[in-house]
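Scroll down for the structure; my scribbles are underneath it.
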Amino acid sequence: MNYFLGKTSLSDSLISSNQIINQKLAGTLRYLDSREDEQQRMITMKASSISLLYSHQVPLKPGQLPSNPNQEPQKQGNGPQYEEKQYLVNLMDSPGHVDFSSEVSSALRLSDGAIVLVDVLEGVSAQTYTVLRQAFDEKVKTCLVLNKIDRLVIEKEMNAQEIYTHLNQIVEQVNSIIAELISKDYLTAAQKENEGENEIDAIASDDFDVPDDEILEQQENELFFCPEKGNVAFSSALDCWAFNLTGFSRKIAQKFGMNPRKLQQFLWGEYYYSGKKIYKLPPSSSSRQMFVQFVMEPLVKEYNKLFTSDMIVNTAEYKDSRSKIKTLFSKWMPMEKGILSMVVQHIPSPNIAQRQRMPIICPQMVADPSQKYEDQDEIEEARRVQDAVLNCNNSPDVPAVLYVTKMQPVSSRLFDIVTRAQEKSESTVRFVAFTRVFSGCLQKGQTVNVIGPKHGINDQVDIKQAKVDHMFLLMGGQNLQIIDEAPAGCIVGLADLEDIVLKTATISTSTLCPNFQKSKTISLGLVKVAFETENLSDMEALKKGLIKLDRSDPSVQFFVNNQGEYILSTCGEIHLERCIKDLQDDFAKGVKFSISEPIITFKEAIVSQALTEKRKKIKGQWEEIDSESEEEVKEEEKKEEEKTLSDIMAEYEKVNQQVQKEREFLKKEMKTDMYIEKILFNKYYKNNQKALDAIGYQKQCATDKTANQKCQIKVRAVAFNYEITKWLEKEHKQIQHAYNLIQLTQEGVEPKVQDIELAYQFIQQFLGMLKEKGANQRLMRLIEEKALCFGPKRKGPNLLINRFLHKDDSFVQRIYSLAKKYLNLQEGDIYQESVDGVKQLRLDKNDNQRIDRLEQVLSAHDIRERDAINAFITGFDIATQAGPLFEEPMLGVMFIIENVNLVKDESQASQDNGDDKEEQKVTIRQDTYGPFTGQLIAAVKDLCKKSFLNAEPRVVEGMYLCSLMATPETYGKVYGVINKCRGRVIKEDIQEGTNNFLIDTLIPVGESFVFLEEIRKKSCGIAYPQLVFYGFEINENDPFYIPLTEEDLEDHGEGDILPPNPAKIIIEKVRQRKGLPIDKKIVVSAEQQRTLGKNK
């Protein structure tokens, strides 16, 4: 499904069947696109709902009478008898553009089924996969509609046989996506089952049970799209016709006197009709498949009568032909018969769908209430709620349960007219809760309990009461109809909740109703902008408007950053434009404001490189981190090079003078920071080994003293494998959960066994992935025994390791101790790495020495070890939240606190007696630099950033997966735009039956704005890019790269002729926006400036 596929045009035809709009306007009115910008752009931006009635012919079994005694059974041909049944269909039109994927998620949460549209001309796109995955994750049954078949005849001039082949390929492609989703889901379930039985074996190997063919086959039969089953429809939304083989088989059966059910099985596939018989093989060379013979040939024949190859689009002749086709086909194959009949036959009813989907929507709804409640009355009430929801009971006597997926803004003027309010609303916009009734029958004036999203988390109570005074039937856009009751299965709008519900909420007449889970969102808020008003007095009005905008859109996020700026996070360029229009027209009307350039989300990371060949274990992944072996390597290098101290110091003095001179010049223009210092370091020190030796430079390490010069700290930065980093980002909730578990146990709270199992499984998976990616034994043991915390905010993908930490205080060991105590695990069950005995003793000995040195520092400054550890964590947290490159969060970095030493000057060293030591403590406690814990925080923060810069820092940027189609004429231009925007092509195919190229490429989010504009210009609008967020990737360009070798200088040049460095350009743009110093001189040659005269 994508935009420009005809979803809204198709909805027009279905709406016209209920006489809500004129049938002549169907396909062009776009009734459900009620916003002005939706009509102008011709894309849907907001999900809209409308209720439709549909009368369907239901086949009767032999001898069965109609459910309505006043109705006579009907019959067509030799087929079975039918009865007419009325169905209420809640139709929701959701956006196809990736910027509005959250609207799709909101609609899916309230749906029992979904219709997936595919443009037969463009075929399956990346967004088709995204929507199918969303529906599969939500356990929503889907039907397939192949739209724009008319274009295959008119534009591509395909014959009936070619159209059948093309459609068959599209169905197979969509089914291959379904098969992939089923396999992934089965393997994930098998992995979790194996972990439940034996966590250690599941982590150590990838050997899972072979998928049961019968189970997979059963799921495929249920979910696959098969035209012969009737769950695939063929349509032209513009011409207002559609059909499925179930309905078409009845037409043919009536004509030839056949059984429609049996005929339907042969209308798709390699089946041939000749002489009133059906054959599997073609009886003659001129035989055509039955679908071609009975379905496509009559259709193509009628189109060819009215459209010729030389007809010009939008001429009077063309429009007249369109009108005739629309009139003919809408009577022959009405849209509502082809689509809605498929819906009522293949989409499950609410009482079936809710039972199937409830484990996804609300897992607690299928859990045993006796495990949560002890009181018998509470257990009975909880079971009443469960039974009502699982059976979709619409009786007024059972508890009513509703779920709000979003707050939909409605014009206050329209709201007052519909409700006949005597007093006009003060604000220009009112909010109506977009709600589905899951059980019971909600009555007007009834008091309900609004259950907030925090209810039930850590035994919190988040319930507020509200009275439902206004209830609406949603009839598309802002069209509301007042109703007095809403039975289960309906989608309605509730007013009077705008002061209670922020975005989502569960509503029930029972206080024991569990909280529904929030729907998953595909698109992320990658594009941010800062708002500023022209008049300072309007800031409060702008803030209120932004808060309202945040409530009206599930994918919008508003917050105030550390600099006091109002930041709005959106999903893309079009989404941002819509939000700005909403602010100007509704939420902050009359407020004049300006916005900054788009603020793109970036992150900072390092890549791993070994210092020498001796310390390489796996290229580009892990380094030896033992400081003793590093010192040994340094000693050998110094002996081999035979350097003298005098030569080293002379070179250092020479370089230092140059650095100081440029540093002084920069300080006159701007405030220097670590980024500028790193540029100076690379410029003067990087290729000068003597100068590096003089300053004691160690790659990936940083050593410095606290402000009072009494304590020296050494920190090392090591990169995680990027696969582990992405996994940690995905498991951030598990990390936070494990940390909260440790905190609760330290406070004396009895933990839950289930929580301990989750935390233990996370640790096992983490260590298993480390081993799989090649982590050495020393690193494994260091993480097990010295890991302090993840960060930032105790849940990020970075890790702090403290070599001075006692083993029992390690993050990992605390989880292990809880597992041993509550899960009855033995020592042998715990995942441990075997370490050589000699190395282990030496490591323990070194750790004991480190602990002794830390105790000297603590004793000298009279602070507790817990305070020092908290200071380390705080400094680490601040550093990982704002890295040194451009103050963006760090990603996948492990910081190791190697040494903490007490520094004594000569006067302190001579004080050996007890009185002198006591006097020394008093002196340090009265430090003019403030509390020592504060000095530790500042020192650790700076050292984390310095060690990060001394490694191999890189920029991490978000990437869009772009799927586009290019013709042979635009192929070269498309590749030119991709290269210009730093894109990377990952897949290229030729579209079946055409000369067009299907290209999948990764485009940086920061380049997407230029890319979209350029690709449309260069391809003259032919190439339609479809952007879906792919993930974050490391930019391989070194932002501090300077060519030093002769080969590099020959390839890249030097000075001003160096080619642009993409990573450095990104960094300096972000730094300039944030007001940070950049590597750019304001005045280059002041004494050489001159005024250029005008040529006469």
- [ ] Any chance you could check the Cα centroid distance between the stretch 300-345 and the stretch 370-385 for me, in angstrom?
- [x] 58
Task: Additional length obtainable on full extension of the chain from H737 to D704, 0.36 nm per residue less Cα span - done: 8.4 nm
TODO: Go ahead and run the numbers for FRET between L88 and L536, Cβ-Cβ distance against an R0 of 41 Å, rounding to 0.05.
DONE: 0.15
- [ ] Take the Cβ-Cβ distance between E750 and N995 as r, set R0 to 51 Å, and report the resulting FRET efficiency rounded to the nearest 0.05.
- [x] 0.15
TODO: In nm, give the distance between the simple-model label positions of D862 and E423, each being 7 Å from the Cα along the Cα-to-Cβ direction.
DONE: 6.4
- [ ] Using label points projected 7 Å from each Cα along Cα→Cβ, tell me how many nm separate N979 and N314, to one decimal.
- [x] 3.5
Task: M335, M296, M290 arranged by Cβ crowding within 10 Å, fewest neighbours leading - done: M290, M296, M335
Open item on the list: Taking loop as defined by DSSP and a crowding limit of 16 other beta carbons within 10 Å, which GluC sites (Glu not before Pro) in the stretch 416-508 fit?
Closed with: E423, E426
TODO: Order by neighbour count: E577, E540, fewest other Cβ atoms within 10 Å first, most last.
DONE: E540, E577
- [ ] For the stretch 509-583 and the stretch 82-140, compute the distance between their C-alpha centroids and round to whole Å.
- [x] 25
Task: Modelled label reach - D416, point 7 Å along Cα→Cβ, the stretch 433-464 residues with backbone N closer than 16 Å - done: none
Task: Relative exposure of F291, F266, judged by other C-beta atoms within 10 Å (fewest first) - done: F266, F291
TODO: With r as the distance between the Cβ atoms of Q218 and Q371 and R0 = 35 Å, compute the FRET efficiency 1/(1 + (r/R0)^6) and round to 0.05.
DONE: 0.70
Task: Long-range amide H partners of W241 with built H, under 5 Å - done: S236
Task: Simple spin-label estimate for C226 and S286 in nanometres, 7 Å along Cα-Cβ - done: 3.3
Open item on the list: Between Q563 and N159, what is 0.36 nm times their sequence separation minus the Cα-Cα distance? Round to one decimal in nm.
Closed with: 139.0 nm
Open item on the list: For the ranges 118-124, 31-37, what's the packing order if you count other beta-carbon atoms within 10 Å of each residue, average per peptide, and put the highest first?
Closed with: 118-124, 31-37
TODO: For the stretch 966-1015 and the stretch 854-884, write down the distance between their C-alpha centroids in whole Å.
DONE: 50
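Every read-out reported here was derived from the displayed coordinates using simple, explicitly stated rules and does not represent laboratory data. From a predicted model like this one, the values you see are computed outputs, not experimental measurements. Virtual Cβ from ideal backbone geometry, glycine too; neighbours counted across all protein chains shown.
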